[in-house]
Amino acid sequence: MKETKSKKLDPEKVMERIAEASRPTVAGVEEKDVRHWVTIYVMGRGYSVPADLTILTAMEYAGYKFIRGCGCRQGFCGACSTVYRRHGEYKLQTGMACQTRVEDGMYLVQIPFSPAEKASYDISKEAYKVNTLLKHYPELARCVACNTCTKACTQDLQVMDYIQAAIRGDFETCVNESFDCIQCGMCALRCPAEIVQYNMAQLARRLYGRNDRPEPKHLTDRLKEIEQGKFVKPLDEITKKSKEELEKLYYSREKESD
Amino acid sequence: MAEVKYIEGYPEEIFQLIPKVHETRSWRAENIPAAMTKEERQEVLKIHPDWAPGGKRKIVVGPNQGDIAPREVVDLLEAYPLIEKQEVDLSIPDYQVDIMVLGGGLAGTAACIWAHEMGIDKDKILLVNKLRHGDANSIMAEGGTQAADRKVDSLERHYLDTIGGGHFTNKPDVLRALVEDGPFIMHWLHELGVIFDKEENGDFVEKWGGGTSIKRMHSCRDYTGLEEFRVIRDEFISRKIGCIEHFPAVELLTDGDKVTGAVLYNLETGEYKVVAAKATILATGGFGRLHIRGFPTTNHYGATGDGVVLAYRAGAKLRDTDTVQYHPTGAAYPVQIIGYLLTEKLRTSGAQPVNIDGEAFVFAMEPRDVEAAAIIRECYVRNKGITTPSGLRGVWLDTPMIELKNGKGYIEKAFPGMDRMFRRYDIDMAKNPVLIFPTLHYQNGGVETDPVGRTTLEGLWVAGEVSGGVHGKNRLMGNSTLDCMVFGRRTGISAAEYIKKGKKQGKLTLEHVSNYVKMLKEAKIKPKRRSPILLPEYRGKKSLARALHVEV
Ligand SMILES: Cc1cc2nc3c(=O)[nH]c(=O)nc-3n(C[C@H](O)[C@H](O)[C@H](O)COP(=O)(O)OP(=O)(O)OC[C@H]3O[C@@H](n4cnc5c(N)ncnc54)[C@H](O)[C@@H]3O)c2cc1C
Ligand code: FES
């Protein structure tokens with residue numbers, strides 16, 4: 001779709017055109033612009049909604065104003081966990097409402113809260129050992145390797161694998177496999193052994209982050225230099241510089257080579 | 001209308017433009033465009049939403065009278081309060097605490113931890129959240145955190161990069177605090193167990209950030225904010241500090257001078273609660289959901305600028321209200337993710353913005369405002385953009401270049417979040433470029449503070465995105481998460497020290513609100529708006545048009 005050449009626009013006009021093009025995202029789609037519709041069932045009640053919305057935006061289109069079940073809107077916070085089933089299928093699916101496109105005949109309910117237990121600890125006093133995980137989350141040992149957690153994961157993580165890795169004391173695998181977890185809680189809600197996978201993994205990752213590799217030497221050295229006052233004078237000087245002096249320094253500063 | 005044919009996630013018409021990007025890639029990799037000169041920057045910025053005429057107006061009441069700000073922000077400042085004095089019984093507070101923290105992003109949560117660390121009782125601290133604890137901008141930071149901790153780097157170099165990026169408008173003493181504490185914050189996070197990307201020998205992997213002269217960006221894959229925040233939240237919960245959720249602050253309380261507490265509102269039941277606090281730390285984050293100039297945003301659902309409104313009514317001074325940060329690389333396609341952030345780290349890892357003819361039209365690592373303006377110019381002045389099915393124009397971000405530079409499989413490893421997001425729409429960003437356009441990202445200005453986060457009002461501290469000064473008129477990547485932790489910590493410590501001086505709880509009144517209303521009336525401003533707005537309105541027009549308000 002090559003743009004046709006048009007005459008130079010003034011900046012204010014450009015802004016108006018951008019706002020116009022962004023309107024469906026910012027203020028919602030207009031019915032007249034929608035080409036495809038689907039029907040979704042929110043807790044059993046059917047609504048006709050535009051086909052290219054996510055569950056989250058489709059529910060808003062239908063008139064829901066979120067108080068719960070909506071946080072970041074971009075797949076990071078885990079607020080919008082949703083369970084759904086497609087018409088005619090028996091299988092329950094899970095997904096994040098803000099990341100899942102609506103489909104025709106989707107029956108859905110949001111699960112905006114999971115009443116899971118999180119252990120309290122002082123991480124500096126905890127040993128970097130599998131026993132620490134078992135001490136705080138003894139249910140871990142009850143894992144029957146049924147893989148329900150993996151199937152429930154909205155991020156498609158190998159949840160059971162990281163639970164099994166934790167039981168073996170394989171922190172590396174547990175950390176890597178659980179790293180992308182947004183703690184939405186679906187695994188814990190589906191687990192027949194009542195394990196709170198995501199909280200256990202949080203503890204495992206903190207232990208790993210602290211203990212697996214020492215603090216970088218360059219950081220320790222820098223902290224020492226700061227303590228010895230190495231930067232006091234240069235900072236005293238630079239904070240007193242005029243705009244002109246700073247500009248000169250800034251535009252002539254050397255870049256590190258790539 | 002004929003069905004659109006999709007190939008590898010793109011409508012056929014757009015897919016056919018991709019070979020141009022592939023063909024020119026190796027040439028572009030060898031012929032990187034030069035960074036702009038000062039004059040070139042000034043020229044291109046004319047088409048930046050901040051400087052294009054028509055978006056701003058003067059603030060007519062309050063401490064910043066005469067300053068200019070985006071219309072949408074002035075609208076909030078000129079709006080009438082949600083609650084009137086007579087509706088609220090302030091005689092018996094529901095909570096009596098030493099330190100109340102409003103907003104639990106990185107800044108607010110860090111403030112609580114450090115106040116507790118200083119010896120304030122866990123039950124004498126209260127963290128107040130509008131949504132859940134963590135439904136915040138903080139959890140979405142993808143790219144990284146700056147801190148000058150490499151041997152070849154220095155604190156003054158971090159200072160210079162930042163103040164240059166901020167067009168030399170940053171507040172020097174506050175900026176100094178930011179760069180001075182950077183390495184300590186990295187140490188603190190490491191101790192807490194944050195997993196940063198590391199080299200085999202344990203050194204941090206550090207990357208470029210737009211506008212930096214040296215590699216200084218620490219990251220945790222492309223989930224930096226998620227990793228930093230969930231660790232800090234885990235620490236917070238372990239300490240059993242007081243916390244309430246879905247209970248936004250709708251007004252501060254004062255005794256006429258000092259800030260003494262707040263009125264909170266239960267979003268589910270409509271009930272209010274009154275908090276008496278000897279010290280208040282405001283950490284309510286930014287205002288992306290105001291959709292300044294009609295732009296889509298990267299911000300979370302609750303980023304509605306409440307904190308600025310509350311502090312301003314109480315008499316706090318703002319600064320740098322005239323600029324807003326637009327991130328150069330928001331998603332422009334597919335429609336479900338328009339405005340979402342594509343982290344700057346994509347560019348610092350090698351991806352270039354490319355126009356419809358396959359040209360790299362701008363140096364990929366200009367400061368954000370310059371980069372964003374260059375993309376707008378390419379789309380709307382030079383007409384070399386690509387029009388998406390929703391009508392938005394964009395340019396390519398040549399993501400396959402990242403693997404050209406860093407090897408096959410790098411994207412999946414380094415950008416799992418982004419890769420996952422595009423795959424949900426059948427787009428493989430390692431194979432094909434993606435479409436981008438600037439998106440509303442960050443509140444540059446805010447409530448003015450000193451180097452420990454104190455405001456012009458006694459009893460009120462401010463930390464994080466709601467503050468103004470440290471980034472001047474334009475923030476650099478990676479300086480905001482750092483800002484949150486540096487000033488979260490500093491405000492927590494400073495407020496704790498204030499409490500330890502034996503400060504007494506002040507009277508609880510809404511007098512400042514009545515006075516503010518009086519000013520609005522004197523300025524002949526009609527009561528057509530209310531603020532804070534708490535949540536944006538996205539309900540469909542059709543359903544809203546038929547909404548009834550009945551008591552059941
Ligand atoms: C997508 C994205 C990517 C980013 N990437 C980076 C990056 O790579 N590096 C970097 O340094 N920075 C980045 N930033 C910027 C940075 O993440 C934020 O500026 C910073 O985290 C803000 O933290 P905060 O604690 O000030 O506010 P937030 O994290 O937004 O927290 C504020 C909290 O206060 C709550 N709140 C709001 N109003 C009220 C009220 N009235 N009462 C009670 N609570 C309230 C909010 O709901 C929220 O939970 C990014 C931002 C976004 C949006
Ligand atoms: S709203 Fe945060 S993950 Fe969906």
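Structure data summary
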| quantity | calculated |
| --- | --- |
| Condition check for B:K240: over 23 Å from the mean Cα position of the chain (by Cα), more than 25 Å from B:M418 (Cα to Cα) and at the interface with chain A (Cβ under 8 Å from one of its Cβ atoms) | yes |
| Which listed residue is touching a Phe, Trp or Tyr at 6+ places or on another chain (Cβ under 6 Å), touching a residue at least 12 places away in the same chain (Cβ under 8 Å) and either away from ligand 2 (no atom under 16 Å from the Cβ) or closer than 30 Å to A:G169 by Cβ (or both), from A:M106, A:M43 | A:M106 |
| Evaluation of B:I14 against (1) assigned by TED's automatic domain parsing to the domain that holds B:K500; (2) modelled with pLDDT of 95 or more (one fails), failing number | (1) |
| Positions within region B:112-134 being within 9 Å of ligand 1 (Cβ to nearest atom) and closer than 21 Å to B:G502 by Cβ, in sequence order | none |
| Unmet requirement for B:P53, which otherwise passes all of (1) over 22 Å from B:P438 (Cβ atoms); (2) surrounded by fewer than 14 Cβ atoms within 10 Å (Cβ to Cβ); (3) not acidic (D, E) | (1) |
| Number of positions in region A:219-236 that are at the interface with another protein chain (Cβ under 8 Å from one of its Cβ atoms) and within 25 Å of B:I163 (Cα to Cα) | 7 |
| Subset of region B:288-315 [within 16 Å of ligand 2 (Cβ to nearest atom) and under 19 Å from B:V128 (Cα atoms)] | B:H300, B:Y301, B:G302, B:A303, B:T304 |
| Region A:122-134, residues that are part of a helix (DSSP H, G or I) and either crowded, with 16+ Cβ neighbours inside 10 Å or not polar (S, T, N, Q) (or both) | A:I123, A:K125, A:V130, A:T132, A:L133, A:L134 |
| Residue satisfying condition, being modelled with pLDDT of 95 or more and not in a loop (DSSP other than H, G, I, E, B), within set B:R377, B:R420 | B:R377 |
| Long-range neighbours under 8 Å by Cβ, at least six apart or interchain, first residue free of Cβ contacts under 8 Å to residues at least 40 places away in the same chain within region B:461-489, second surrounded by fewer than 24 Cβ atoms within 10 Å (Cβ to Cβ) | B:S467/B:E448 |
| Members of region A:218-256 found to be buried (at least 16 other Cβ atoms within 10 Å of the Cβ) and in a loop (DSSP other than H, G, I, E, B), listed by number | A:F231, A:K241 |
| Which numbered condition B:A279 misses (of (1) more than 10 Å from ligand 1 (Cβ to nearest atom); (2) surrounded by fewer than 19 Cβ atoms within 10 Å (Cβ to Cβ); (3) of a type in the set (A, V, I, L, M)) | (2) |
| Number of the condition not met by A:L56 [criteria: (1) facing another protein chain (nearest Cβ under 7 Å); (2) within 16 Å of ligand 2 (Cβ to nearest atom)] | (1) |
| Only listed residue being at pLDDT 95 or above, touching a Lys or Arg at 6+ places or on another chain (Cβ under 8 Å), within 16 Å of ligand 2 (Cβ to nearest atom) and of a type in the set (A, V, I, L, M), chosen from B:I113, B:I139 | B:I139 |
| Matching option when the condition is touching a Leu at 6+ places or on another chain (Cβ under 6 Å) and of a type in the set (A, V, I, L, M, F, W, C), among B:A277, B:A332 | B:A332 |
| Of residues in region B:439-492 being modelled with pLDDT under 95 and of a type in the set (A, V, I, L, M), the one surrounded by the fewest Cβ atoms within 10 Å (Cβ to Cβ) | B:L476 |
| Sole exception among (1) in the same structural domain as B:V263 (by TED's automatic domain parsing); (2) surrounded by fewer than 21 Cβ atoms within 10 Å (Cβ to Cβ) for B:K528, by number | (1) |
| Residue identified as among the β-branched types (V, I, T) and more than 30 Å from A:K125 (Cα to Cα) among A:V159, A:V175, A:V232, A:V196 | A:V232 |
| Unique residue being in contact with an Asp or Glu (Cβ under 8 Å, 6 or more places away or on another chain) and part of a loop (DSSP other than H, G, I, E, B) when the list is B:G182, B:G211 | B:G211 |
| Single residue of A:L157, A:L133, A:L189 found to be within 14 Å of chain B (Cβ to nearest Cβ), modelled with pLDDT of 95 or more, more than 16 Å from ligand 1 (Cβ to nearest atom) and farther than 21 Å from B:D197 by Cα | A:L133 |
| Residue list for region B:53-69, restricted to those being within 23 Å of the chain's Cα centre (by Cα) and of a type outside the set (V, I, T) | B:G55, B:K56, B:R57, B:N64, B:D67, B:A69 |
| Test: residue in region B:375-393 that is under 22 Å from the mean Cα position of the chain (by Cα), touching a residue at least 60 places away in the same chain (Cβ under 8 Å) and within 14 Å of another protein chain (Cβ to nearest Cβ) | yes |
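The values are calculated or read from the model by the stated rules, or taken from the named source; none is laboratory data. Quick caveat: nothing in here was measured; it's all calculated off a predicted structure. Positions of Cβ are backbone-derived with ideal geometry, glycine not excepted, and every protein chain shown enters the neighbour counts.
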